[in-house]
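Heads up, the thing below is written out as structure tokens.
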Amino acid sequence: MSDHTSVRINNNFRDRDNINAYHRDRFGWGSGIHPYLYHPYHPYYWGENWHPFGYFLGALAVGAFAFTLANQHYYYNEGVYYEPYNQGYRVISAPYGAVINNLPDGYENIQVGDQYYYYFGGVFYIDAQGDGFQVVQAPYGAVVSQIPEGALEQNINGQNILVYNNTYYLPISQDGQDAYQVVQP
């Protein structure tokens, strides 16, 4: 690839109406990752047992896993974390440091530098060395294919950024597919 900026035209629009022109290396990215002006955010469906933050349940599934972290009681079931709330359970963000035995079906494998991560429903995990999978902060540079319901769109320094669970995602195109890259705010 040459050092000059290349443009890939979306043929669904006349050239003068093209709002989805892809630009190479404007932010220093290459090899199949291209930031672009905008693509609409569509929440992804993670399955019937996945719920967004704040969702309330009167009872948990029989297979829910109970654990304690920093003297706080939590529950985990199929990619969703809960805390006791008003004689029931409320969906919360995954507590950093929590360790689960198995990843839910549909997780993504992601490599950032030399580190491997697993991603599901807005949560990043690392291999906890035989003890399961540990919840970690989103690594800058990670590219995911979907973001869950509840992301908010913000314009930061002229860029449309999606914010979900205090993580900032830049809409990009990776190998011709819509994707989201974790960026610093």
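A short reminder: the numbers here are calculations on the coordinates, not readings from a lab. What you see is a predicted model; the values in this text were computed from it and never measured. Don't worry about glycine lacking a Cβ; one is built from the backbone with ideal geometry, like all the others, and counts go over all protein chains shown.
Rounded to two decimals, what is the ratio between the C-alpha radius of gyration of the range 79-185 and 2.2 N^0.38 Å?
Values: Rg = 14.6 Å, N = 107, 2.2 N^0.38 = 13.0 Å.
Normalised Cα radius of gyration, the range 79-185: 1.13.
Net length available on complete extension from Ser145 to Ser93 is 16.8 nm, with 0.36 nm assigned per residue and the Cα-Cα distance removed. Within the range 87-184, none of the chymotrypsin sites (Phe, Trp or Tyr not before Pro) combine a DSSP coil assignment with at most 10 other C-beta atoms in a 10 angstrom radius.
Assuming R0 = 25 Å, can you tell me the calculated FRET efficiency for the pair Gln184 and Glu83, based on Cβ-Cβ distance, to the nearest 0.05?
Efficiency computed from Cβ-Cβ geometry: 0.30.
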